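The block underneath contains the structure these notes are about, expressed in structure tokens.
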Amino acid sequence: MMKPIIKAAACILLTLSFGAQVYAADGGNPKKGKHLYKKECKACHSPGAVGKEMTPMSKTMSQWDRFFKRMKHKGDQEAFNAFSDKDLKDIQQFLYDHAADSDQPQTCG
């Protein structure tokens, strides 16, 4: 039989792991985010373009979370700052939902 302390620790770890996965999965519209990404981001983040190729599968869900938490865009920070908070949340939701370790990994085809 499991000791109460070990049981409690296991419950806490399980709760935290679920909480970490839910971070970006709340509040954004992934369909709008995909449209915005294709319209505003893909031009610089395609093969052979100025920015490094970037698709939702370029990062894991937690890596996308960190990227949007830091709000730092290498290269052209002004382009990143031009988005509204809602637009950024929508793009984040799209990228998160289709990240490399998501249930539906996707490029931005």
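Quick note: the coordinates plus some simple rules give every number you see, no bench work behind them. Note that the structure is a prediction, hence the values are computed from the model and not measured. We place every Cβ from the backbone using ideal geometry, glycine too, and count neighbours over all the protein chains shown.
Tabulated results
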{"read-out": "Vicinal HN-Hα couplings computed from phi for segment 37-48 (Karplus, 6.51 cos²θ - 1.76 cosθ + 1.60; Hz; Gly/Pro x)", "value": "4, 4, 6, 10, 9, 5, 4, 8, 10, 10, x, x"}
{"read-out": "Inter-probe distance in nm under a simple model that places probes 7 Å from Cα toward Cβ, at E78 and A43", "value": "1.4 nm"}
{"read-out": "Anchor K72: lysines whose Cα lies under 17 Å away (excluding residues fewer than 8 positions away in-chain)", "value": "K52, K59, K86, K89"}
{"read-out": "3J(HN,Hα) from dihedral phi, segment 90-97, Karplus parametrisation 6.51/-1.76/1.60, rounded to Hz, x for glycine, proline", "value": "5, 5, 4, 4, 4, 5, 5, 4"}
